Amino acid sequence: MKRGQAAMEFLMTYGWAILVVLVAISALAYFGALSPGRFLPASCTITPGISCEDFVVAEDATSITLTLRNGMGDDLDAVTVTITDPDGGTAVCTSSLTCTDGCTDTDTMPDGILTTWGATDCTGIGATGSKFKGDVVFGYTGAGGLDHTKTGSITTQVE
């Protein structure tokens with residue numbers, strides 16, 4: 001009988017300790033403290049030679065703005081920048097981002113120059129403070145006249 005009581009006390013003590021740990025982990029998960037997305041840095045990558053210098057995703061204006069630098073060694077013509085949903089591939093913005101600063105034409109990126117691209121007709125961005133993830137589809141015509149399409153990604157917090 002004494003052995004049974006000692007075993008029962010042992011199991012009850014460890015049972016309560018395990019229960020307390022499970023409740024603590026559940027509370028942390030419920031309040032988002034264990035969400036890895038909160039700790040990931042914002043990033044924007046396209047392709048080697050095209051650097052994403054700065055970017056912002058704004059929920060209130062439903063806009064996305066990217067500042068890109070052409071480091072390919074030549075001017076790029078017929079440039080298109082589109083943001084798509086990484087899961088479904090559908091466009092987040094109803095039109096391609098347009099060059100608002102730094103381009104010689106509306107779609108020509110000079111070599112080495114910072115250019116700003118933006119769209120204000122975007123949907124599905126999410127609320128301020130939420131995580132936004134999208135694919136950046138970058139199309140251009142190179143110096144040899146060939147068309148290229150590169151896909152990168154953008155991950156940031158909605159501002």
Self-check item: Principal-axis tilt of helix 2-30 within the chain, Cα atoms, nearest 10 degrees
Solution: 20 degrees
Exercise. Report ³J(HN,Hα) in whole Hz for each residue of segment 79-84, in order, from the Karplus equation J = 6.51 cos²θ - 1.76 cosθ + 1.60 where θ = phi - 60°; Gly and Pro get x.
Key: 6, 10, 10, 10, 9, 10
Quiz item: Applying the Karplus parametrisation 6.51 cos²θ - 1.76 cosθ + 1.60 with θ = phi - 60° to the phi angles of segment 148-159, what ³J(HN,Hα) value in whole Hz is obtained for each residue in order, glycine and proline being reported as x?
Solution: 10, 9, 10, 10, x, 8, 9, 9, 7, 9, 6, 9
Quiz item: So if we plug the beta-carbon distance of D87 and S43 into 1/(1 + (r/R0)^6) with R0 = 22 Å, what FRET efficiency do we get, rounded to 0.05?
Solution: 0.75
Quiz item: Taking Cα atoms of the chain, Rg/Rh with Kirkwood Rh, to two decimals?
Solution: 1.34
Quiz item: Got the relative contact order for segment 80-151 handy, in percent, Cα pairs under 8 Å and 6 or more residues apart?
Solution: 32 percent
Quiz item: Between Q157 and residues 5 or more places away or on another chain, which pairs have amide H atoms under 5 Å apart, with H built 1.01 Å from N, and which residues are they?
Solution: F132
Practice problem: Output the relative contact order of the chain, whole-number percent, from Cα pairs under 8 angstrom with separation of 6+ residues. | Solution: 25 percent
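Every number in this text was worked out from the coordinates using simple rules, so none of it is lab data. Predicted model, so just to flag it, every value in this text is computed and none were measured. Positions of Cβ are backbone-derived with ideal geometry, glycine not excepted, and every protein chain shown enters the neighbour counts.
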